[in-house]
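Some notes on the structure that comes next.
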Amino acid sequence: MNEDTLISYSERCKKYEKKLKQVGFKVENKQICDRLPFRWLIATK
């Protein structure tokens with residue numbers, strides 16, 4: 001398994017955000033900490 005980088009993690013979160021939006025969710029995708037690859041995805045209907 002490859003290690004995540006800040007960019008690869010962010011891109012993967014964008015992919016999940018897009019898929020959730022396609023099935024009708026409102027999605028909040030935010031960076032939690034500038035120096036760490038932590039994001040939150042909050043999906044609501």
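Read-outs throughout are calculated quantities, based only on the coordinates presented, and are distinct from any laboratory measurement. Predicted model, so just to flag it, every value in this text is computed and none were measured. Methodologically, a virtual Cβ is constructed for each residue, glycine included, from the backbone with ideal geometry; neighbour enumeration extends over all protein chains shown.
Mind checking which of L41, Q31, I7 is farthest towards the positive end of the chain's charge dipole, using Cβ charges of +1 (Lys, Arg) and -1 (Asp, Glu) about the Cα centre?
Final value for the positive-end residue is L41.
Tell me, what is the percent relative contact order of the chain, built from C-alpha pairs under 8 Å that lie six or more residues apart?
Working: 50 pairs, mean separation 16.1, N = 45.
Relative CO of the chain lands at 36 percent.
Provide the net charge surrounding T44, with neighbours chosen by a C-beta distance below 12 Å and charges set as Lys +1, Arg +1, Asp -1, Glu -1.
Working: positive: K21, K26, K45; negative: E28.
Summing Lys/Arg as +1 and Asp/Glu as -1 gives +2.
Within 10 Å of each candidate Cβ there may be at most 15 other Cβ atoms; applying that plus a DSSP loop requirement, which chymotrypsin sites (Phe, Trp or Tyr not before Pro) in the chain survive?
Values: sites: Y9, Y16, F25, F38, W40; in loops: F25, F38.
Loop-located and lightly packed - F25, F38.
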